[in-house]
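The values are calculated or read from the model by the stated rules, or taken from the named source; none is laboratory data. Note that the coordinates shown come from a computational prediction; the quantities given were computed from them, not determined experimentally. Cβ placement follows ideal geometry from the backbone for every residue including glycine, while neighbour counts extend to all protein chains displayed. SASA here: full protein model, heavy atoms, side chains in, ligands and nucleic acids out. Shrake-Rupley method; radii C 1.70, N 1.55, O 1.52, S 1.80 Å.
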Amino acid sequence: MRTTNASIAAAILPLVGGPANITSAAHCMTRLRLDLRDRSLVQEEALRALPAVLGVVADDDTYQIVLGPGTVARVTPEFEALLAGASTAEQLAARGAELKAARRQRNTTPVKLLLRRIANIFVPLIPALIGCGVIAGLNGLLVNLGWLGTITPALAAVAAGFMALIAVFVGHNTAKEFGGTPVLGGAVAAVIVYAGVAKVTVFGMTLAPGQGGVLGALAAAVLGTYVEKWCRGWVPEALDVLVTPTLTVLIAGLVTLYALMYAAGELSTAIGTAANWLLAHTGVFAGLILGGLFLPLVMLGLHQALIPIHTTLIEQQGYTVLLPILAMAGAGQVGAAVAVYVRLRHDTSIRTTIKSALPAGLLGVGEPLIYGVSLPLGRPFVTACAGGAAGGAFVGFFSMLGDKVGSSAIGPSGWALFPLLAGNRGLALTAAIYAGGLLTGYVVGFAATYFFGLTGLTGLPEPTGPADSAGPADSAGSVGPAGLTDPADPADPAGLSVARAKVEP
């Protein structure tokens, strides 16, 4: 397996311009993220043709190669090893930081920059959130069944330890992202979860440990970073190591205690109240909108900005009611992919892509299907969103009836979310509602794509019913990825340079 991963890395490297064109490399759950000196050196067509590459996307900051979960975590170290032979890690980091700063200043808006920074803070925490969430779900099941009573307290401690101190990790990553000293950001944020704050009275009110949660930690670390930079500007170098950390922790810590914890606590409460009110009173409409728009957010990478909201809801209620609704977008995507598989039965290229990407899609990882199937074809992306909207409306309807469906952790969706489900009506009913939403998303995504998502593609007949599910092979060429010849449509919903299938006039 190591040889295969090394081969994938070796195949990708020359197609992105070689080591000299790469200033930094990293990965998230599904994508290899590269900072490039000159994107014109990328051989994108050849890159997309690699069997291991499920898609590519270029945003303002990085060039992203979709390899899929698991694979990307194994290929990236091999890729970095190839880079190490051409440049030191320090040189890569310095050039990457310089290029990223210049590109951000030139191509990004303040809102986009803020969203990306939030993502950079919370994405590294996702593995721990997933692991602790799964353990918490397992422990909850054992408690409900009355099994292993001597073990469940230990499992509860293992699962809850990270969440109890998540503010410290958020503070650490926030300071790192905003250019401060990470450990000072963690130290300032640690004030929020320290048990001794229960002895502090602010304006006649006693503080509670954890008040303000991750939002308070985020604000505290940002403040600490600015205090640290201010100190660096005037403290003599001989005294810097002593004075700067002291003033940073003291000033930011006191402001956190006497202002930020209260303000962030009120904001966190408002978020929880708003989410509950929205689903209780407008559940169908809210589910329709959230489920229908989530795929575009995933496609643009902006869905990571929702992590603080999910985390806040989990801290308050024990589960986030938004994630199961957003997970319906993945169900619509799966239904659409199956419809494409059925309709394009003579296109072995796209059917092979679907077969390799569908297992990840069923587990809620949507990027392989987005970039490998629905987005290049165009309309199936829209019909997949329709399936997500239908599934979201289904779950939202039951929220209006008082049946909340939530997730005790963030990260997984699709079938992988079942072990993490939580609600206010019992696990069986919660799981049944979620399963009903998935089924609705599958069916609507399939039907919308089968009847409307592929009707304008060259060489494909108009569907009239099950008996007419697919026409003869297109002698002019395949309508799968290998046959996509038109340049990006100006109306491309992603705003990305992806090829689209020819559409008849």
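Computed quantities for the displayed model
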item: Check on residue 293, part of a helix (DSSP H, G or I), touching a residue at least 40 places away in the same chain (Cβ under 8 Å) and open to solvent by less than 30 Å² (accessible area, probe 1.4 Å); result: no
item: Residue in the range 320-328 that is at pLDDT below 85 and within 20 Å of residue 395 (Cα to Cα) present; result: no
item: Residue that is of a type outside the set (Val, Ile, Thr), touching a residue at least 60 places away in the same chain (Cβ under 8 Å) and not in a helix (DSSP H, G or I), where the choices are 329, 339, 422, 389; result: 422
item: Residues of the range 4-30 classified as more than 18 Å from residue 69 (Cα to Cα) and assigned to a helix (DSSP H, G or I), total; result: 8
item: Test: residue in the range 450-461 that is open to solvent by 30 Å² or more (accessible area, probe 1.4 Å), in contact with a helix residue (DSSP H, G or I) (Cβ under 8 Å, 6 or more places away or on another chain) and modelled with pLDDT under 80; result: yes
item: Residue ID - most open to solvent (accessible area, probe 1.4 Å), chosen from residues in the range 418-449 that are polar (S, T, N, Q) and in contact with a helix residue (DSSP H, G or I) (Cβ under 6 Å, 6 or more places away or on another chain); result: 440
item: Criterion violated by residue 50 - all others in (1) open to solvent by less than 20 Å² (accessible area, probe 1.4 Å); (2) touching a helix residue (DSSP H, G or I) at 6+ places or on another chain (Cβ under 8 Å); (3) at pLDDT 85 or above satisfied; result: (1)
item: Extreme residue, surrounded by the fewest Cβ atoms within 10 Å (Cβ to Cβ), among residues of the range 369-386 that are assigned to a helix (DSSP H, G or I) and in contact with a strand residue (DSSP E or B) (Cβ under 6 Å, 6 or more places away or on another chain); result: 372
item: Extreme residue, farthest from residue 57 (Cα to Cα), among residues of the range 340-368 that are of a type in the set (Val, Ile, Thr), open to solvent by 20 Å² or more (accessible area, probe 1.4 Å) and at pLDDT below 90; result: 348
item: Residue 80 at negative phi, free of Cβ contacts under 8 Å to residues at least 12 places away in the same chain and open to solvent by 40 Å² or more (accessible area, probe 1.4 Å); result: no
item: Qualifying positions in the range 184-223 - crowded, with 23+ Cβ neighbours inside 10 Å and among the β-branched types (Val, Ile, Thr); result: 188, 191, 192, 214
item: Every pair of residues 6+ apart whose Cβ atoms lie under 9 Å, when the first sits in the range 202-215 and is closer than 12 Å to residue 269 by Cβ while the second is open to solvent by 30 Å² or more (accessible area, probe 1.4 Å) and of a type in the set (Phe, Trp, Tyr); result: 211/262; 212/262
item: Hits in the range 15-40 (condition: surrounded by fewer than 15 Cβ atoms within 10 Å (Cβ to Cβ) and either in contact with a helix residue (DSSP H, G or I) (Cβ under 7 Å, 6 or more places away or on another chain) or farther than 25 Å from residue 370 by Cα (or both)); result: 18, 20, 37, 38
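Here is a yes/no grid of residues against (1) in a loop (DSSP other than H, G, I, E, B); (2) at pLDDT 90 or above; (3) closer than 30 Å to residue 317 by Cα:
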{"position": "183", "(1), (2), (3)": "no, yes, yes"}
{"position": "187", "(1), (2), (3)": "no, yes, yes"}
{"position": "190", "(1), (2), (3)": "no, yes, yes"}
{"position": "210", "(1), (2), (3)": "yes, no, yes"}
{"position": "221", "(1), (2), (3)": "no, yes, yes"}
{"position": "231", "(1), (2), (3)": "no, yes, no"}
{"position": "241", "(1), (2), (3)": "no, no, no"}
{"position": "245", "(1), (2), (3)": "no, yes, no"}
{"position": "251", "(1), (2), (3)": "no, yes, no"}
